[in-house]
Amino acid sequence: AASDVYKRQLLDLIEILKKKCVERESEIKKKLGLSEAEYQGLQCVDEDEKITCQIFSERMNLSVSRGTRIIDRLFRKGYFDRKDCSEDRRCKNIGLTPSGVEIKKKIEEIDKDCEKKLTRHFSEKRLITLKKELNRLMSQL
């Protein structure tokens, strides 16, 4: 039936879009010299925020030891700094360095450029409709 063909085509298009997004993200990480974990780690800390290793690890959905290894790598690359925690001297607070803020802004600029490319041919009304339909699809998962 024709509706089965359209369903298959829609699923194929979603799969292609997903692959393109993954490829784009891989290109960003490669261009910036970041691993997947480092890329995600940068996304977990806001510009003016200081958080503990525990909070960082919870946001990454990792064990504290695994989170600490990612923090160590971002620290060595100059993107994170560590400061003693005033409440618990065994703990360190981490935050973005100026270099960390800069690389995070580069990622955001690349993301915004991609969003513009994806949405430039859609009216606001069509974008709202598309969002509703994608949300409907997502609710089925």
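The values are calculated or read from the model by the stated rules, or taken from the named source; none is laboratory data. Keep in mind it's a predicted model, so treat the numbers as computed, not measured. Using ideal geometry, Cβ is built from the backbone for each residue, glycine included, and neighbour counts are taken over all protein chains shown. Side chains included, ligands, DNA and RNA excluded: accessible areas come from the protein's heavy atoms. Shrake-Rupley method; radii C 1.70, N 1.55, O 1.52, S 1.80 Å.
Side notes on the structure shown:
- Members of region 109-122 that are under 19 Å from the mean Cα position of the chain (by Cα) and loosely packed, with under 11 Cβ neighbours inside 10 Å: Glu109, Lys112, Asp113, Glu115, Lys116, Lys117
- Unique match (being at pLDDT 90 or above, outside any helix (DSSP H, G or I) and not polar (S, T, N, Q)) among Arg82, Arg73, Arg69, Arg59: Arg82
- Here is the figure for region 85-100: residues that are open to solvent by 90 Å² or more (accessible area, probe 1.4 Å) and modelled with pLDDT under 85 total 4.
- Scanning region 43-63 for residues that are closer than 14 Å to Cys85 by Cβ and among the hydrophobic types (A, V, I, L, M, F, W, C), we see that the one that is most open to solvent (accessible area, probe 1.4 Å) is Ile55.
- Which numbered condition Tyr39 fails, given (1) open to solvent by 30 Å² or more (accessible area, probe 1.4 Å); (2) under 18 Å from the mean Cα position of the chain (by Cα): (1)
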